[in-house]
Amino acid sequence: MKQRFKVSLFAAFFAFTTASFAQISFGVKAGLNLANVITDDENAPEPKIIPTFQAGVVLDFGLTENIAIQSGISLQGKGYRTEDAILGQTIKTKADVFYLQVPAHLLYKGNGFFIGVGPYVGVAVSGNYRTELLGKKETRTIKIGDTNNDDLTPLDIGLGAQVGLNIGSIRIGAGYDFGLANLFPKESFNRDNVKISASVINVFVAYLFIE
């Protein structure tokens, strides 16, 4: 119930923000995410990149001819994988998590290029945790919440940057999202000693219907 309330509040904030601007450019966006996490846990196996995807809508709120606030809402794939040895056997793990994410980038659009930077907020909506040992694979649903019984806190907050080319109504670009939030639940015993945060490299294509 709490998770549904956070998603509803998130959507209401997005709708209110959209309605507050007059000069709006609208389009769709999709791309490849190379997701990983950054952790200060020296005892944990080194996390590695997993390929996933992003898809959503792009909204530019024009401030001047060349400067805009770029927002939108998208489904963003994040996560990581690890490999570790236990009693001479290799155990593989993989975490796939999907977020509804809203950025607020200050965007500069020049002659054939664009560059943007700013914060983002994401709400985790679903995820799976997979393990493989001795050829046996198991999958379970990631528990999202802020109690010690949960695996992942609902909110991811961070900074993002993007750069790319404008080709008519098409934008081709690349970006990076650096998470600032600790993804361990607030009541987790691990939270006091260890921090884990999201890290996503992405490439994308956007098509603007209204510009």
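One table, with the values for the structure above:
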{"item": "Odd one out for Phe189 among (1) of a type in the set (A, V, I, L, M, F, W, C); (2) modelled with pLDDT under 95; (3) closer than 14 Å to Val117 by Cα", "result": "(3)"}
{"item": "Yes/no for Phe204 being surrounded by 14 or more Cβ atoms within 10 Å (Cβ to Cβ), assigned to a strand (DSSP E or B), in contact (Cβ under 8 Å) with a residue 60 or more places away in the chain and among the aromatic types (Phe, Trp, Tyr)", "result": "yes"}
{"item": "Total residues in the range 101-115, condition more than 13 Å from Leu159 (Cβ to Cβ) and either buried (at least 19 other Cβ atoms within 10 Å of the Cβ) or free of Cβ contacts under 8 Å to residues at least 24 places away in the same chain (or both)", "result": "5"}
{"item": "Residues of the range 124-153 that turn out to be touching a residue at least 40 places away in the same chain (Cβ under 8 Å), under 19 Å from Ile38 (Cβ atoms) and in contact with an Asp or Glu (Cβ under 8 Å, 6 or more places away or on another chain), as a count", "result": "2"}
{"item": "Unmet requirement for Gly88, which otherwise passes all of (1) more than 23 Å from the chain's Cα centre (by Cα); (2) on the phi > 0 side of the Ramachandran plot; (3) modelled with pLDDT of 95 or more", "result": "(3)"}
{"item": "Number of the condition not met by Val97 [criteria: (1) closer than 30 Å to Ile86 by Cβ; (2) surrounded by fewer than 16 Cβ atoms within 10 Å (Cβ to Cβ)]", "result": "(2)"}
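Table: residues versus (1) in contact (Cβ under 8 Å) with a residue 60 or more places away in the chain; (2) over 20 Å from Phe204 (Cα atoms); (3) among the hydroxyl-bearing types (Ser, Thr, Tyr).
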site: Leu32; (1), (2), (3): yes, no, no
site: Asp40; (1), (2), (3): yes, yes, no
site: Glu46; (1), (2), (3): no, yes, no
site: Gln54; (1), (2), (3): yes, no, no
site: Ser74; (1), (2), (3): no, no, yes
site: Arg81; (1), (2), (3): no, yes, no
site: Ala85; (1), (2), (3): no, yes, no
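The values are calculated or read from the model by the stated rules, or taken from the named source; none is laboratory data. Computed from a predicted model, the values in this text were never measured in an experiment. Backbone-built Cβ (ideal geometry, glycine too); neighbour counts: all protein chains shown.
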